[in-house]
Amino acid sequence: MAELLIVDNDLMARKEICSIVQESKYHFLSIYESSTVKRGLLLLKQSQPSALIIDLSLPDMDGIQFGRTALQLYPTLPIIVITQLKMFELIQQAMNAGFASFLLKPLSKTELIDTFDRVLAPEISSQVHYGINNMSGQFITDLKNPIESAIQYIQLNYGDPLTLKEISNKVYLSPSYFSRLFKEDTGMTFVEYVTFVRVQKAKGMLRLSSLPIEVIANNTGFANSSYFATAFKKLVGKTPTEYREQFLWEPGIAVN
């Protein structure tokens, strides 16, 4: 899905990033914002974004530590670090942690868009291809982090039939205990989360491809296009067709 998550307790900095994105060729990105790691981690778990932008000075956790936590959840997630601190040690830590880029505040529009071109454009392209040709990726259960493991499995296999019993078995928990832990950790029930992920994946396909609605419904795990349309409108406020029409005629949006 083509989404951007910004975690920065500086409201003006978040607004600046939003403004740059909305006025650029990446204006189709759905942007989520958080001023704290706690909220940012919840958003991260609810929806795997195309990229994560984090400030190093966060109120409830060090930015480097949060970035490492994000990479444990999504190892290929591009992470862009932003900070006012001009310290070589921080740059070195960020690069050693596997982050994609390090930018100094105040942000330069050119530098941010150039960074997107490098780390975000390939990610968006791969998401569309992956969504159309969804194959189960490698999955290894982390017994210390069963809910994170379950989230990874759902993100990899959203196009397949998924049941609470099946996923709870994969992480070696009883269905009832797994259900309670999952709701506590993600803020959603298992069924709500699976539907949310499928709708988010469908949004990317609707924006970036001309696949028929029925095909998108099937590729994202919905039983039929009617149920897909109902679930989509409930979460997005528009039907899949109405959502797609927003992007058909906008400059810079190529629907193949």
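The values are calculated or read from the model by the stated rules, or taken from the named source; none is laboratory data. This is a predicted model, so every value here is computed, not measured. Every residue, glycine among them, receives a Cβ derived from its backbone with ideal geometry; neighbour counts consider all protein chains shown. When the accessible area is computed, the model is the full protein with side chains, heavy atoms only, and any ligands, DNA or RNA have been set aside. Shrake-Rupley method; radii C 1.70, N 1.55, O 1.52, S 1.80 Å.
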Are there any GluC sites (Glu not before Pro) in segment 1-99 that are in a DSSP loop and have at most 14 other Cβ atoms within 10 Å? List them by number. GLU23
Measure off, as a whole percent, the carbon and sulfur share of the 1.4 Å-probe accessible area of the chain, all protein chains present. 54
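Counting DSSP beta bridges with both partners in the chain, what percentage is antiparallel, nearest 5?
The antiparallel fraction comes to roughly 5 percent.
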If the chain between ASP117 and GLU166 were fully extended at 0.36 nm per residue, the gain over the current Cα-Cα distance would be 13.8 nm
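Output the DSSP H helices from the chain with an along-axis C-alpha extent of no less than 30 Å and a mean Kyte-Doolittle hydropathy no less than 1.0.
TM-like helix candidates: nothing returned.
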Based on the mean of other beta carbon atoms within 10 Å per residue, what is the order of 41-47, 174-180, most packed first? 41-47, 174-180
What percent do you get for the relative contact order of the chain when only Cα pairs under 8 Å and 6+ apart count? 16
Output the antiparallel fraction of DSSP beta bridges having both residues in segment 23-120, as a percent to the nearest 5. 10
Once the Cα gyration tensor of segment 22-126 is diagonalised, semi-axes √(5λ) in Å: 19, 17, 14
In Å², and per residue, what accessible area does the chain have when probed at 1.4 Å with the other protein chains present? 48
